[in-house]
Amino acid sequence: MPLATKAAGRDSLSAGIQHHLRYSVGSWSGIPSKHDILQALAYTVRARLIDGLIATEERRRRCRAKRLVYLSAEFLIGQSLRNNLFNLGLLEEAEEATRQLGFDLREIADTEADAPLGNGGLGRLAACFLESLATRGMPAYGFGINYQFGLFKQEIDDGFQKEKADQWLSDNSPWLIERSAETCTIPLYGRIEHELAKDGTYNPMWVDWQIILGVPYDLPVVGFGGHTVNYLRLYSARASDEFDMKIFNGGDYLRAVENKIKMETVSKVLYPSDTAPAGKELRLVQEYFMVACALRDAVRDFHRENPGGSMERLHDSVTFQMNDTHPSLVVAELMRILVDEHAMAWEAAWTVTQAACAYTNHTLLPEALENWPVDLLDRVLPRHLQLIYEINRRFLARVEEKFPGDWARSERMSIIGESGQQAVRMANLAIVGSHSVNGVAALHSQLIKTRLVPDFYALWPERFNNKTNGVTHRRWLACCNPSLAELITRSIGDGWITKFAAIRSLEVQASEEAFQQEFLRIKRENKIQLATLIYDTEQVRVDPNSLFDVQVKRIHEYKRQLLNAMYVMHSYLGLVDEGWKPVVPRTHIFAGKGAPGYTMAKLIIKLINNIALIVNKDPRTNGVMKVVFMRNYRVSLAEKIIPAADLSEQISTAGMEASGTGNMKFAMNGALTIGTLDGANVEILEEVGADNIHIFGIKAEEIEVRRNSYDPFDCYHASRGIRRVLDALRDDRFCPGEPGLFQPIIDSLLHGGDPYFHLADFDSYVAAQQRVSSGFQNVPAWACKAILNVARSGKFTSDRAVSEYAKDIWGIKSMTG
């Protein structure tokens, strides 16, 4: 029975809000604030979620169902209220309840702080997967860190990004349920005592470690219909009171306080800068803390459900999925638990570990594949380093057996990198310790096998597979674009909400004038709402009738916001210097955060803001061109931008984007893609058809051929457009009063080899943009293409993705039939 139906016999939402206003929020006189209503409504919904958690857990234990432990450094949840209400079937009741109190539900929902527990697609994918798994009725649980400050709050000061702490927990999130009784005790540092057992075998002892406590907080994850409520378990780091008091009572008061602060820093910030040794050490501790807590939980759960059961069957009860390399230490920690704590023979422990672990790779960039210095691991996790050396010794013996005498291959495949500073290659550890290795788009998975780790593929071809990403269309279409969702349901019924493949039925409406008009009306309403938000937050007036050209994502050179900015400069210079008249007016919308230590990304943000300042103040651009950088990009902002977009910029250097999920969200909301044949763009092209997407640029295989002979100066001399843009940058036209500010960008493009092929793709990109402008002029044809993008996006739901993982990798099944 759906949870919403079960709850119908209880107090209404209105009664629940009144109860929690008084007893949870403490508001009993006067008019409550929006925040008071938010808290009271959230606590009312939380009660229903807790009922669902209990019922789901009882069902899982009865079924003795195998469960998934999804390990991720990021879970980009965003806001939760509206999504929970939608999945519980309580939206209409909530709208009425808040209206009775004189408030609009949308305003109440917007009051909620985003949970900033991620940086981009990696974390948002994890959140989408959890929702889809719950909707599918599968026993699956996320495990991560309860970052107090998340990533950072982005502010823009004179065009420059400034980072500020994002104190999202300052409001005491009503969704987090503390589970102090499940606190984990995690060892760190210490040393190894080398001893022999009675039978003469080596018996190392990890001693003198420090203790850190992991206090779990559960965030309920409800599937559509409320049948299943799983949870995301997030751990907060606490210092051990016993250990601190021992130091304190010894008279070293300052060291006691310092140690407490040091330990609790572990769950303060997502991705502390690793440019300094202390930051690098903190990152390593965070990653171990996450997997150690998750494994403690899994082992405890195994023994609870299998009293006296052998740990040799652990993999029959649970699968550990590594979402990128951050959780790779799960391989070493599981081996430590099995060998050291359960006295299992090495071979048996290794069989369990490989059978229980699986690894998803999310990047082809070598710098993103983590390497931890051996001396750092030796200091922080000495026993784990021992285990990694033994894993590597046995693995290299296997390589030598398969490829005798091929020392170069052995060096490439070794978990311990010997070139320069000795370091542990975490991607190699993850691959060696897993039974499955997958990429997240067809092209990406192929490049893993042929470019990233071809030696591993040659050794274990059966381990490698593809699982194309997906997003939860309930959040990224039904919730964030309710008017379009209502139109779809009126046209084809509501079956698409749980079976997104049914969206294909919408194709027949694409060429019908009445449907096109309604579709365009909804798109314009969304654009008006975004235009209002842009003015409120950025003080820039934009025209909803213009083409909304959108690039919103993490700022990185390979994602090529710079290429987009170059096109904007090209268009502006043509307009003001040569009198070009744009075919259609455009509003160029950018948003995204650059990593605090990523100088070039932050300089690109400054360039975009400078372009916006110059373009928007120039009277010659009135009515034809505007540029906006929307600060502090986050999930709740994306939910407002994506439904309003006409054009989706997915222009990464071919062969560098693993998949992308923003591309999917835009397509299912009726934006046309302009992009390279990279990541999931390849599959979007296959699904929507070549007439309904704008593809440009060099292909991944061509880039590999050209990389060694590519000279960006050839492009500079051959293209008048490139010369105009780079000369304008060199002449400080976009940084008046700041001479030489953008010289590093010029140097990277011309003297640094243009590693991301901006100049090689520029003319092709400009030509594609001209086709976009021409196409946007033909309103009925554009509407047809946009509707076909929606209708043909059925493949890109996370429901499909998790079903493939469950069948091929995890071995878990639905508990709801």
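The values are calculated or read from the model by the stated rules, or taken from the named source; none is laboratory data. Here the structure is a predicted model, which is why all the values come from computation and not from measurement. Note that we place each Cβ from the backbone using ideal geometry, even for glycine, and neighbour counts take in every protein chain shown. Areas reflect the complete protein model, heavy atoms only, side chains present, ligands, DNA and RNA absent. Shrake-Rupley method; radii C 1.70, N 1.55, O 1.52, S 1.80 Å.
Summary of computed values
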item	result
Members of the stretch 591-608 that are at pLDDT 95 or above, out of contact with any Asp or Glu (no Cβ under 9 Å at 6 or more places or on another chain) and not charged (D, E, K, R)	Ala591, Gly592, Gly594, Thr599, Leu603, Ile605, Leu607, Ile608
Residue, nearest to Val330 (Cα to Cα), within the stretch 420-451, restricted to residues that are hydroxyl-bearing (Ser, Thr, Tyr) and out of contact with any Gly (no Cβ under 7 Å at 6 or more places or on another chain)	Ser434
Given (1) within 30 Å of Glu163 (Cβ to Cβ); (2) out of contact with any Pro (no Cβ under 8 Å at 6 or more places or on another chain); (3) in a loop (DSSP other than H, G, I, E, B); (4) small (Gly, Ala, Ser), index of the condition Ala278 fails	(3)
Matching residues, the stretch 15-64, being charged (D, E, K, R), in a helix (DSSP H, G or I) and either in contact (Cβ under 8 Å) with a residue 12 or more places away in the chain or surrounded by 20 or more Cβ atoms within 10 Å (Cβ to Cβ) (or both)	Lys34, Asp36, Arg46, Arg48, Asp51, Arg59, Arg60, Arg61
Restricting the stretch 807-817 to residues that are touching a residue at least 40 places away in the same chain (Cβ under 8 Å) and of a type outside the set (Val, Ile, Thr), the residue that is most open to solvent (accessible area, probe 1.4 Å)	Lys813
Condition met for Asn526 (outside any helix (DSSP H, G or I) and polar (S, T, N, Q))	no
Number of the condition not met by Lys262 [criteria: (1) at pLDDT 95 or above; (2) open to solvent by 20 Å² or more (accessible area, probe 1.4 Å); (3) of a type in the set (D, E, K, R)]	(1)
Subset of the stretch 207-236 (residues that are under 21 Å from Gly78 (Cβ atoms), assigned to a loop (DSSP other than H, G, I, E, B) and of a type in the set (Phe, Trp, Tyr))	Phe224
Condition broken by Glu804, with the remaining ones in (1) in contact (Cβ under 8 Å) with a residue 40 or more places away in the chain; (2) open to solvent by less than 60 Å² (accessible area, probe 1.4 Å); (3) out of contact with any Pro (no Cβ under 8 Å at 6 or more places or on another chain) satisfied	(2)
For Lys665: the one exception among (1) surrounded by fewer than 22 Cβ atoms within 10 Å (Cβ to Cβ); (2) in contact (Cβ under 8 Å) with a residue 40 or more places away in the chain; (3) part of a helix (DSSP H, G or I)	(1)
Every residue from the stretch 73-96 that is surrounded by 24 or more Cβ atoms within 10 Å (Cβ to Cβ), part of a helix (DSSP H, G or I) and hydrophobic (A, V, I, L, M, F, W, C)	Leu85, Leu88, Ala94
Members of the stretch 184-196 found to be buried (at least 17 other Cβ atoms within 10 Å of the Cβ) and part of a loop (DSSP other than H, G, I, E, B), listed by number	Gly190
Residue among Asp244, Asp199 that is modelled with pLDDT under 90, assigned to a loop (DSSP other than H, G, I, E, B), acidic (Asp, Glu) and surrounded by fewer than 23 Cβ atoms within 10 Å (Cβ to Cβ)	Asp199
Condition met for Val635 (hydrophobic (A, V, I, L, M, F, W, C) and within 22 Å of the chain's Cα centre (by Cα))	yes
All helices (runs of 4 or more DSSP H) inside the stretch 677-793 with 3 or more residues being surrounded by 13 or more Cβ atoms within 10 Å (Cβ to Cβ) and of a type in the set (Ser, Thr, Tyr)	758-777
Strands (runs of 3 or more DSSP E) contained entirely in the stretch 534-630, each with at least 3 residues that are in contact (Cβ under 8 Å) with a residue 60 or more places away in the chain and either of a type in the set (Ser, Thr, Tyr) or crowded, with 17+ Cβ neighbours inside 10 Å (or both)	547-552, 625-630
Residues that are in contact (Cβ under 8 Å) with a residue 12 or more places away in the chain, outside any loop (DSSP other than H, G, I, E, B) and open to solvent by 70 Å² or more (accessible area, probe 1.4 Å), drawn from the stretch 136-159	Lys153
Options Arg62, Arg99; residue that is closer than 26 Å to Thr498 by Cβ and of a type in the set (D, E, K, R)	Arg62
Tally of residues being touching a residue at least 40 places away in the same chain (Cβ under 8 Å) and basic (Lys, Arg) across the stretch 503-533	3
Any hit, the stretch 162-178, residues being polar (S, T, N, Q), open to solvent by less than 10 Å² (accessible area, probe 1.4 Å) and either under 20 Å from the mean Cα position of the chain (by Cα) or under 28 Å from Asn663 (Cβ atoms) (or both)	no
Which numbered condition Ala423 misses (of (1) touching a helix residue (DSSP H, G or I) at 6+ places or on another chain (Cβ under 8 Å); (2) surrounded by fewer than 17 Cβ atoms within 10 Å (Cβ to Cβ); (3) farther than 30 Å from Asp110 by Cα)	(2)
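Yes/no matrix, rows are residues, columns are (1) crowded, with 21+ Cβ neighbours inside 10 Å; (2) small (Gly, Ala, Ser); (3) farther than 23 Å from Val682 by Cβ:
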residue	(1), (2), (3)
Leu459	no, no, yes
Asn465	no, no, no
Asn469	yes, no, no
Thr472	yes, no, no
Pro482	no, no, yes
Gly493	no, yes, yes
